[in-house]
Amino acid sequence: MNDLPRRAFTRTAKLATLPVGLAGRTAWGLGKRIGGRPAELVAAEIQQRTAEQIFRVLGELKGGAMKFGQALSIFEAALPPEIAGPYRATLTKLQESAPPLPTRTVQRVLEQDMGLDWRDQFAEFDDKPAAAASIGQVHQAVWQDGRRVAVKIQYPGAGSALLSDFTQLSRVARLFSVLMPGLEVRPLLDELRARMAEELDYKLEAQAQQAFADAYAGDPDIAVPGVVARTGHVLVSEWMDGTPLSKIISDGTQEERDRMGLLFVRFLFSGPARAGMLHADPHPGNFRMLPDGRLGVLDFGAVDRLPGGMPPFIGRLVRMVHDGADLAPAEEELRRQGFVRDGMQVDMEALRGFLAPMAEPSRQERFKFNREWLRGEAARVTDPRSSNLSRQLNLPPSYVLIHRVSTAGTGVLCQLEAEGPFRAEMIRWLPGYGDTDSAGPDSDPDGPGERLSDAVAPRR
């Protein structure tokens, strides 16, 4: 591949191979079943081959296609082990890298953004990329003052490629139900499309990254690299050594998994309180285990700006669910904030069951995340008997990224199979959760001094 494919025809042609491939595999499967092969084995093989093709094509295309592939890869923990096993390595690879751009393309971007003398700003610059992701790739270098730095360079034509990708992916959304039955792909595509425009602006990303770096400066457990320089398409940051979280998932000890899982939760929950923002792209490629045991955090292109911190209503709702409290006050607030569709009547026990996966990890002092638990919860929530509730509920725009972090973060924790005192992190960092020792049916679920309705939606 010589460049990020920019012409709509080129990218459309590549994406068009996905449904064509599925049609061929479906015909092959029909022949096998007619020949007497068990339907379950045929379906499993079709799913495996589909996954291999999906992630190969999405990775080659970079842009929005690869970003969507990274988002899907987080859900790997919810797949049955006999299906997930054969291509788990493919998912891990997609989280970490993509085919790199040629040197001449990289140099052209640097010349356009930093000037023809761009090399003079570096004492050293490695033309071979250290990592390649969805809309840019990273090169290791030494800044003119001697600091080791990471130089993130945006792919030429990324903006036009993104629009084309999401248009085409929407047309083949049905394909992904083969990969993960029950997964609603269109809302995920819509949310990613809306957020990718922000990720294209490296100046915005630099502002967010430096805000996090300042907020966590000197922290004993979490590290964020500072920004050294930035333009519209180039972002220079302090270099961060470490083991990618995907490697901890595949090869780490249980102690490493537990520590990284706890720090991962601490960072996500503490961000709104400490930096006024929520890191909204929690896939394993964006996190590192540093040599000193700290959690290193990268890539701040996708953030949710929450200057008032996390909305207290979320913490109160979680606490009410796992304490078995009367959910009637919560239903009223869900309606006011737009979670329940107009004219819909909601079964409170069904709602409690629907929210249980979000509340379960904080029900006890310690919790063990694992793939089996996630598969069970995913199967229960997507069960046809509870599907009516899904159609009655709505996700207000101000909560889209919070929901994304909650679901994707849970997927990462289950990939890690981490165990730890996660309840304590919620009490410390989630507003509304630890305000009262009891939120039972006979107590005030709003907590002292504040009505549930005062827990407003996130401010923008």
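The values are calculated or read from the model by the stated rules, or taken from the named source; none is laboratory data. All values derive from a computational prediction rather than experimental measurement. So basically every Cβ, Gly included, is an ideal-geometry build from the backbone, and we count neighbours across all protein chains shown. Each accessible area value is taken on the protein alone, full model and side chains, heavy atoms only, with ligands, DNA and RNA left out. Shrake-Rupley method; radii C 1.70, N 1.55, O 1.52, S 1.80 Å.
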message = Is it the case, given these coordinates, that GLY242 is on the phi > 0 side of the Ramachandran plot and not β-branched (Val, Ile, Thr)?
response = yes
Within segment 261-306, residues among the β-branched types (Val, Ile, Thr) and over 23 Å from ALA130 (Cα atoms) come out as VAL265, VAL303
Apart from one, (1) open to solvent by less than 40 Å² (accessible area, probe 1.4 Å); (2) over 22 Å from SER250 (Cα atoms); (3) modelled with pLDDT of 50 or more all hold for PRO421; the odd one out is (1)
Within segment 123-135, restricting to residues that are of a type outside the set (Gly, Ala, Ser) and in contact with a Lys or Arg (Cβ under 8 Å, 6 or more places away or on another chain), the one that is surrounded by the most Cβ atoms within 10 Å (Cβ to Cβ) is ILE135
When restricted to THR407, THR382, the only residue under 30 Å from ILE249 (Cα atoms), open to solvent by 40 Å² or more (accessible area, probe 1.4 Å) and modelled with pLDDT under 80 is THR382
If we keep only residues of segment 336-357 that are acidic (Asp, Glu) and either touching a His at 6+ places or on another chain (Cβ under 7 Å) or not in a helix (DSSP H, G or I) (or both), then the residue surrounded by the fewest Cβ atoms within 10 Å (Cβ to Cβ) is ASP342
Just one listed residue, out of GLU333, GLU360, is in a helix (DSSP H, G or I) and touching a strand residue (DSSP E or B) at 6+ places or on another chain (Cβ under 8 Å), and it is GLU360
Residue pairs within 8 Å by beta carbon, gap of at least six or interchain, first lying in segment 107-127 and aliphatic (A, V, I, L, M), second open to solvent by 80 Å² or more (accessible area, probe 1.4 Å), listed first then second, are VAL109/HIS233; ALA123/GLN144
Filtering segment 233-290 for residues that are among the charged types (D, E, K, R) and more than 20 Å from ASN370 (Cα to Cα) leaves a count of 5
Scanning segment 136-157 for residues that are surrounded by fewer than 23 Cβ atoms within 10 Å (Cβ to Cβ) and not in a strand (DSSP E or B), the one modelled with the lowest pLDDT turns out to be GLY157
Among residues of segment 391-404 being assigned to a helix (DSSP H, G or I) and open to solvent by less than 40 Å² (accessible area, probe 1.4 Å), the residue modelled with the highest pLDDT is ILE402
Checking ALA273, ALA215 in turn, the sole residue that is in contact with a Lys or Arg (Cβ under 6 Å, 6 or more places away or on another chain) and either open to solvent by less than 40 Å² (accessible area, probe 1.4 Å) or not hydroxyl-bearing (Ser, Thr, Tyr) (or both) turns out to be ALA215
Over segment 315-373, the set of residues of a type in the set (Gly, Ala, Ser) and modelled with pLDDT under 85 is GLY324, ALA325, ALA328, ALA330, GLY338, GLY343, ALA350, GLY353, ALA356, ALA359
Here the residues within segment 249-266 that are closer than 17 Å to GLY409 by Cα and open to solvent by 70 Å² or more (accessible area, probe 1.4 Å) are ARG259
Within segment 312-330, of all residues that are surrounded by fewer than 17 Cβ atoms within 10 Å (Cβ to Cβ) and in a loop (DSSP other than H, G, I, E, B), the one farthest from the chain's Cα centre (by Cα) is ASP326
